[in-house]
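Colleague: Please read through the structure below; I'll follow up with questions.
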Amino acid sequence: MTAGNIFRRSAITNIKIPLKKKRSFDAEKFLATSGVGRTIVQLGEKERAFSQGDPADSIFYIQSGKIRISVIAKTGKEATIALLGKGDFCGEECIALSQSVRMASASAITPSVVLKIGRKEMIQALHQQHTLSDIFVAHLLARNARVQEDLVDQLFNSSEKRLARILLLLARFGKEGEPEKVLPKISQEVLAEMVGTTRARVNFFMNRFRKLGFIEYNGEIEVHPSLLSVVLHD
């Protein structure tokens, strides 16, 4: 072996090739942008993301706006079971492999932007990315707690207290960030469905709250922190 060959081999072995760093997963970016199996969908007022009975093949993440979750009984009567906002998931039942169809409908009550994520892509991301699974589990726990609170509310509280609590939840009191003082237009019929009472009773309590200075009510609803006194009062 010549000296030239030895020199060339030693020169090659001393070359350091930089390794590519593995990109860290950004959960916020994943939920904010489109990509493989992810599509950003614009929903107009009253437009549906999905309907009861549709195939449960995707999950939705609400980037902005308000989404109403409702169910329709065989009699044709419709009931609102939840109102969701920015940072919430809906249609999460698709993650359960035994759930093949939607058990409820999701429609926008204000212009909304949602991220539609395919079932396969969401399951894969949850398995591989702990930050995303942490966010999703926190959402599920919060929803479960909300369902239990709603049940206790229906069993033990008056219609007046239930309405006050729903208005405070819509204004996101107790959530991270500043509460939303002005709520989007929500009909008294929808509020009555959520409270479990009649539209006439909702109208009576809304007028009462306004007279007491708990809310401003002139087409739009502005919720004041003083409305908390209705919920806390025994």
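Colleague: Within region 158-168, is there a residue that is over 21 Å from ARG68 (Cβ atoms) and either within 24 Å of the chain's Cα centre (by Cα) or in contact (Cβ under 8 Å) with a residue 24 or more places away in the chain (or both)?
Modeller: Yes, some residue in region 158-168 is over 21 Å from ARG68 (Cβ atoms) and either within 24 Å of the chain's Cα centre (by Cα) or in contact (Cβ under 8 Å) with a residue 24 or more places away in the chain (or both).
Colleague: Another question, if that's okay. Which numbered condition in (1) within 21 Å of the chain's Cα centre (by Cα); (2) free of Cβ contacts under 8 Å to residues at least 24 places away in the same chain; (3) more than 24 Å from SER64 (Cα to Cα) is the only one that VAL195 fails?
Modeller: Unmet for VAL195, out of (1) within 21 Å of the chain's Cα centre (by Cα); (2) free of Cβ contacts under 8 Å to residues at least 24 places away in the same chain; (3) more than 24 Å from SER64 (Cα to Cα): (2).
Colleague: Just to be sure I understand the filter: pairs with C-beta atoms under 8 Å, separated by 6 or more residues or on different chains, first member in region 32-47 and closer than 11 Å to PRO111 by Cα, second member of a type in the set (Phe, Trp, Tyr) and surrounded by fewer than 12 Cβ atoms within 10 Å (Cβ to Cβ). Which pairs pass?
Modeller: none
Colleague: Kindly establish whether GLU121 is under 26 Å from GLY65 (Cβ atoms), touching a strand residue (DSSP E or B) at 6+ places or on another chain (Cβ under 9 Å), modelled with pLDDT of 90 or more and among the charged types (D, E, K, R).
Modeller: Yes.
Colleague: May I pose another question? Given the residues LYS211, LYS175, LYS120, which is the only one that is of a type in the set (D, E, K, R), in contact (Cβ under 8 Å) with a residue 40 or more places away in the chain and more than 17 Å from THR80 (Cα to Cα)?
Modeller: None of the other options fit; the residue is LYS120.
Colleague: In the set LEU84, LEU115, which member is more than 30 Å from LEU163 (Cβ to Cβ), outside the structural domain of MET194 (by TED's automatic domain parsing) and not basic (Lys, Arg)?
Modeller: After applying the criteria, what remains is LEU115.
Yes/no per residue for (1) outside any loop (DSSP other than H, G, I, E, B); (2) over 13 Å from the mean Cα position of the chain (by Cα); (3) surrounded by fewer than 14 Cβ atoms within 10 Å (Cβ to Cβ):
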| position | (1), (2), (3) |
| --- | --- |
| PHE30 | yes, yes, no |
| LYS46 | no, yes, yes |
| ALA49 | yes, no, no |
| VAL71 | yes, yes, no |
| GLY87 | no, no, no |
| CYS94 | yes, yes, no |
| LEU97 | no, yes, yes |
| ALA106 | yes, no, no |
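Colleague: Considering region 126-144 alone, what residues qualify as being among the small types (Gly, Ala, Ser) and either surrounded by 11 or more Cβ atoms within 10 Å (Cβ to Cβ) or in contact with a Phe, Trp or Tyr (Cβ under 8 Å, 6 or more places away or on another chain) (or both)?
Modeller: Of everything in region 126-144, those that are among the small types (Gly, Ala, Ser) and either surrounded by 11 or more Cβ atoms within 10 Å (Cβ to Cβ) or in contact with a Phe, Trp or Tyr (Cβ under 8 Å, 6 or more places away or on another chain) (or both) turn out to be SER133, ALA142.
Colleague: If I filter region 139-155 for residues that are in contact with a Lys or Arg (Cβ under 6 Å, 6 or more places away or on another chain), under 29 Å from VAL231 (Cα atoms) and in a loop (DSSP other than H, G, I, E, B), do I get at least one hit?
Modeller: no
The values are calculated or read from the model by the stated rules, or taken from the named source; none is laboratory data. The structure presented is a predicted model; accordingly, all values stated were derived computationally and were not measured. Cβ: placed from backbone, ideal geometry, glycine included. Neighbour counts: every protein chain shown.
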